[in-house]
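Visitor: This is the structure I have questions about; it appears just below.
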Amino acid sequence: MEVAPKNSYVSLRRKKQFATLNPATKTRFEIGINFKGQEPSGNLEADKPHAMCSHKINVVSLQDIDAEVWQWLKTAYEHAG
């Protein structure tokens, strides 16, 4: 896996980008997930059309990064290779 810092976010890549880490506001962080065709469910929300990632997960505290978030990241990673 490649971690590629950009100006305003961090890109997580395998053969292609599968996730981004973005500061959204002073109190909220977003994890962008590239997983086209996946219906939003649980903490996985659809992102804006034509966004860099197809879905996002909002994070406001460390407790928000639970087993479901890790599973979405793992699945996106597997689909990127």
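The values are calculated or read from the model by the stated rules, or taken from the named source; none is laboratory data. Just so we're clear, the structure is a prediction, and the values are computed from it rather than from any experiment. What goes into the accessible areas is simple: the full protein's heavy atoms, side chains included, and nothing from ligands, DNA or RNA. Shrake-Rupley method; radii C 1.70, N 1.55, O 1.52, S 1.80 Å.
Visitor: Can you compute 3J(HN,Hα) from phi for each residue in segment 43-59, using the Karplus curve 6.51 cos²θ - 1.76 cosθ + 1.60 with θ = phi - 60°, rounded to whole Hz and x for Gly and Pro?
Guide: 8, 8, 10, 5, 8, 4, x, 6, 6, 4, 10, 7, 9, 8, 10, 8, 10
Visitor: Find the percent of Cα-Cα distances in the chain that exceed 21 Å, and round it to a whole number.
Guide: 21
Visitor: Moving on. GNM on the chain, C-alpha springs below 10 Å: top fluctuator among 67, 46, 19?
Guide: 67
Visitor: Still on this structure: Roughly how many percent of the accessible protein surface of the chain is carbon and sulfur, given a 1.4 Å probe and a whole-percent answer?
Guide: 54
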